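The values are calculated or read from the model by the stated rules, or taken from the named source; none is laboratory data. Note that the structure is a prediction, hence the values are computed from the model and not measured. A quick note on method: Cβ atoms are made from the backbone with ideal geometry, for glycine too, and the neighbour counts reach across all protein chains shown.
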């Protein structure tokens, strides 16, 4: 188990987003699978470690959607480029929940970078393959990723308007109100 900082190591977003143009098709698909798996792990952490009611509402759908995307990408890889499934090392896991609003904002930023990277990888892979069936699969994938980015950016804007040092539970309290229904 690693720390939050080790899981989300500082990355150069521009480097990650320019990488697809430098890879062959199997490398692009392998990287797309890897980044999609990392995004899935991120959403699982947010679902499992954020305060229960809030996280179930916000991130259960992300986990289901991303798990479905990863399954589709695996089937695609198995059909087209099975060698991409054997590459890659073990995933880093972490059990350090975001405890402040600032931590949560950092996780959201990382999730946005992961989604944007997936977007670039999927576009590049579609260019490489030039197959209508694969384009249709990737078009659906791209639409879902765009929706994810939009949601994450809205959530990040909401979070950034709150005191970054506040405990996350205080942020949730402001968003959902107390048990008596007061906001």
For this session: Search the stretch 84-104 for residues being surrounded by 20 or more Cβ atoms within 10 Å (Cβ to Cβ) and over 18 Å from residue 26 (Cβ atoms), and hand back the single one that is modelled with the lowest pLDDT.
Result: 101
For this session: Might you check whether a residue that is assigned to a helix (DSSP H, G or I), surrounded by 14 or more Cβ atoms within 10 Å (Cβ to Cβ) and modelled with pLDDT under 75 occurs anywhere in the stretch 26-40?
Result: no
For this session: Please tell me if residue 56 is part of a helix (DSSP H, G or I), surrounded by 12 or more Cβ atoms within 10 Å (Cβ to Cβ) and modelled with pLDDT of 75 or more.
Result: no
Exercise. Does residue 178 count as modelled with pLDDT under 90 and out of contact with any helix residue (DSSP H, G or I) (no Cβ under 9 Å at 6 or more places or on another chain)?
Worked result: yes
